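Each remark here refers to the structure printed beneath this line.
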Amino acid sequence: MRSKILAAAAAITCLGSAAHAQTAQTMQHFTRADLESALREAGATITATDTVSQRIDFTFNGGVNADALLLACEDDKLKTKCIGSSLLATFTPDDLQTPEQIGDAINTYNYKENFGRAYIDPDGTISVRMFIISDGGITRANYSRQIGLWFASVTEFFSYLYGE
């Protein structure tokens, strides 16, 4: 009986080591599968994929909408050997918000939050974006952790913009 318990413990240890090895594996490039996996691991639900623009639409933290793209690819059309990922969430101001209030919200976010950058794009859309670069290598665990930290910072942007 004791040998069966020791064998079971050894098997569990090996399984744990295999899972740890996969999350600790260093990626030199991102693939679409890597990005989708990291999004899901960080808590996102993928809602749509666009094969023409290569965009991945997803939601997180109870319904926040965002999208992700692979960037800086060796073959941009096929999206192979990509060293960049971009995450983007956009916001619409309340009807009564002034440009000054919106600017204050963006400035507060950029001052207090470290995972992303808020701005108003040329079309007037309020945006919060983050780039993740794999140049030099990044672990799968670090990739999904950075995405999760961005999710948390975007959730904070709601309070800066809408006072929630």
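The values are calculated or read from the model by the stated rules, or taken from the named source; none is laboratory data. Source: prediction; values computed, not measured. When we count neighbours, we look across all protein chains shown, and the Cβ atoms used for this are built from the backbone with ideal geometry, even at glycine. Note: accessible area is taken over every heavy atom of the protein model, side chains too, but ligands, DNA and RNA are not part of it. Shrake-Rupley method; radii C 1.70, N 1.55, O 1.52, S 1.80 Å.
Things to note:
- For the pair the range 59-74 and the range 110-164, the centres of their Cα atoms are 10 angstrom apart.
- One chain, two ends: residue 78 and residue 156. Fully extended at 0.36 nm per residue, the span grows by 24.6 nm beyond their Cα-Cα distance.
- Extension reserve of the residue 117-residue 46 stretch, reckoned as 0.36 nm per residue once the Cα distance is removed: 23.3 nm
- For the range 34-77, the solvent-accessible area with a 1.4 angstrom probe is 54 square angstrom per residue.
- Remark: spin-label model distance residue 33-residue 135 equals 2.7 nm, labels positioned 7 Å along the Cα→Cβ axis.
- Expressed in Å, the radius of gyration and Dmax of the Cα atoms of the range 115-158 are 12.4, 36.
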